[in-house]
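A short worksheet on the structure shown next.
Throughout, read-outs are computed from the coordinates displayed, never taken from laboratory work. In this text, all values refer to a predicted model and were calculated from it rather than measured experimentally. Note: ideal-geometry Cβ built from the backbone for every residue, glycine included; neighbour counts use all protein chains shown.
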Amino acid sequence: MSQEKRHIEKDHSKKKKLSGKDSNPDHSNDTHSGSLTTGCNRRDFVKKLALGGAGLGLFTQTGIEKSWAVQPKRSGNFRFVHLTDSHVRRGRKGDEGYMRCVEHVKALSPKPDFALMGGDGPFDGLYTEKDEFDDQIDLYKSISDDLGMPWYHCMGNHDVLGWNSRRKVPVDDPDIGKTMIMNKLGMDKSYFSFNKFGWHFVVLDCIHEVDADHGPSYIAKIGEEQLDWLRFDLAAHANMPVVAITHIAAFSHLGQINQDPDMPSMHGRVIQNTRDLRWVLERHGNVRALLQGHTHINEDFKYNDIWYVTSQSVSAAWWGGNWIGFKPGYNVFDVNEDKLTWHRRTFEWEHHLEEEDDLERERIAEQEAFEEEQEYLRRKELAKAAEKSE
Ligand SMILES: [Fe+2]
């Protein structure tokens, strides 16, 4: 436990540090998509073994029997959305921004069947006054209900009350931690799973409580008990394709993206036991994707046939403008037969800064200057190329 006694949150400084010319903005709307099918791999594997006389009673190199010949059951094509980091608040008109997002989702055609909320739904409980956080959760819930479809909340670091040195509640407050948001959203457990249209969905909770010097805090980790639950839950649904969701990513490349050697990836931006989680996710061969949030940027990475997809955030820079080029947005996932595809969507939102938001003004100006420079260089390079080809 002593290793886990550390201060984790430095979100404000993090945001400043992430801004700048080393980012990789992408302003395109609906232009990025990808797809994943893993059925072939399994079928190919079965075929190879069958040809080798192994039949369908399969044993892997680790000696664990698998029934990979079982095809996933499904009962129709469907669509869902991944809405993460909405950080709903009255400040900066974030509640109106979230309403805009909900309207955008409702206008999708075909309409999604349900929504996975990736965490950090309300603005913040770590260091916000309790009354204000209470109001933010109410806003998050009531506006989310306006989606008119089932939605499932995944725990984010800002969804917990007071697990931070800047807490505004006493350490013995009965609502400290996850109790408040879980009670208000009607959640029995902070991690759970459910089935939809023949697919299995697993909602993970990576906000792991630790005892810090200042009091209760958290690290990004899937705890032992949860991992134990997960491996048996996946085993019980081994004949179904699975999509899992976590708030803090298992994989993130922010350090590389920002070319920042002082931004080691293992410092609160990814979960600390990604390898342990990965082994559990990989074991039954049925997990197709892990949806991730927290960094407010869009990236994806595939490893051992599992797709780790981070969605840009609903709030962008906590409703203070775009976040290193990423507009407020979300990802849409379509399941067609055995194929999972996704694409990103953004919605128009003019930011409304508060008087004290000087840092945000500075960050926005810096980003605009970067974009102008990019455009200048693009035109110059094109002109040079045209000159050469003449
Ligand atoms: Fe967030």
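Computed quantities for the displayed model
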quantity: Dipole magnitude of region 140-242, debye to nearest 20 (Cβ charges: Lys/Arg +1, Asp/Glu -1, about Cα centre); calculated: 320
quantity: Sorted peptide list for 147-160, 307-320, 239-252, criterion being average Cβ within 10 angstrom, highest first; calculated: 307-320, 239-252, 147-160
quantity: Fully extended contour minus Cα-Cα distance, from Asp228 to Glu354, at 0.36 nm per residue; calculated: 40.8 nm
quantity: Ranked list, fewest to most other Cβ atoms within 10 Å of each Cβ, for Phe201, Phe194, Phe133, Phe114; calculated: Phe194, Phe114, Phe201, Phe133
quantity: Order of Arg166, Arg92, Arg100, Arg275 - criterion: other Cβ atoms within 10 Å of each residue's Cβ, fewest first; calculated: Arg275, Arg166, Arg100, Arg92
quantity: Order of Tyr127, Tyr218, Tyr303, Tyr140 - criterion: other Cβ atoms within 10 Å of each residue's Cβ, fewest first; calculated: Tyr303, Tyr127, Tyr218, Tyr140
quantity: Filter on Lys302/Lys339; Lys184/Lys327; Lys93/Lys130; Lys130/Lys327; Lys93/Lys189 - keep pairs with C-alpha separation over 25 Å; calculated: Lys184/Lys327; Lys130/Lys327; Lys93/Lys189
quantity: Hits among aspartates and glutamates - C-alpha to C-alpha of Lys380 under 17 Å, sequence gap 8 or more where chains match; calculated: Glu371, Glu372, Glu390
